[in-house]
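For reference, the structure is listed below as structure tokens.
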Amino acid sequence: MVTLDFKNTKILTYKVLIRHALTYDSETWTLSKTNEQRLSLFERKVLRCIFGAKQENEIWWKKYNYELYDLFNEPNIVNYIKIKRIAWAGHLMGMNKDRTLKKFSSPTGWRKKSWETEIAMARWCWYENIRGQESGTKEGISES
């Protein structure tokens, strides 16, 4: 008779389907503490469904969080997202500078400039205009 190990099948289903769909495009997410807590809570609920409760002296108990993660033997979902971010950053570092994605991902790419930068640029342009006018009047005086 063949014994099926449903627990391993459930773990594999969670890792391949649920976790992958849940963390799709998570490299670009901005995670707040609230979002991290909600993701961790969801993961613990799924792991509790997979691993079930424990029985001690004919009393059933919920497993503690650390027991769930010890049985799962993988990084929790928040650390998994952070690992994916680091891998994505390494991928971006290796790209050519001409690629559109690299241009949009660079700190000086599409992001809006701060007001200090705008003021500094305006001052610089104003200074260049003044210098250009002064050099034009000096040239005009020396030529005549």
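Some observations on this one:
- Selection of first residues in region 55-75 that are in contact (Cβ under 8 Å) with a residue 12 or more places away in the chain and of second residues that are of a type in the set (D, E, K, R) and exposed (fewer than 14 other Cβ atoms within 10 Å of the Cβ), restricted to Cβ pairs under 6 Å at least 6 apart or on distinct chains, gives the following pairs, ordered by first then second residue: LYS63/LYS54.
- Of note, VAL16 does not satisfy the criterion of being surrounded by 14 or more Cβ atoms within 10 Å (Cβ to Cβ) and not in a loop (DSSP other than H, G, I, E, B).
- Of all residues in region 46-69, those satisfying the criterion of being exposed (fewer than 11 other Cβ atoms within 10 Å of the Cβ) and assigned to a helix (DSSP H, G or I) are CYS49, TYR66.
- In region 25-42, the condition of being assigned to a helix (DSSP H, G or I) and either closer than 21 Å to PHE6 by Cα or touching a Ser or Thr at 6+ places or on another chain (Cβ under 8 Å) (or both) is met by at least one residue.
- Selection within region 57-70 - of a type outside the set (Asp, Glu) and either over 27 Å from ASP25 (Cα atoms) or within 10 Å of the chain's Cα centre (by Cα) (or both): ASN57, ILE59, TRP60, TRP61, LYS62, LYS63, TYR64, TYR66
Taken together, the values in this text are just the output of simple stated rules run on the coordinates, not laboratory data. Quantities reported herein were computed from a predicted structural model and do not represent experimental measurements. In this analysis, Cβ positions are derived from the backbone assuming ideal geometry, glycine residues included, and neighbour counts consider all displayed protein chains.
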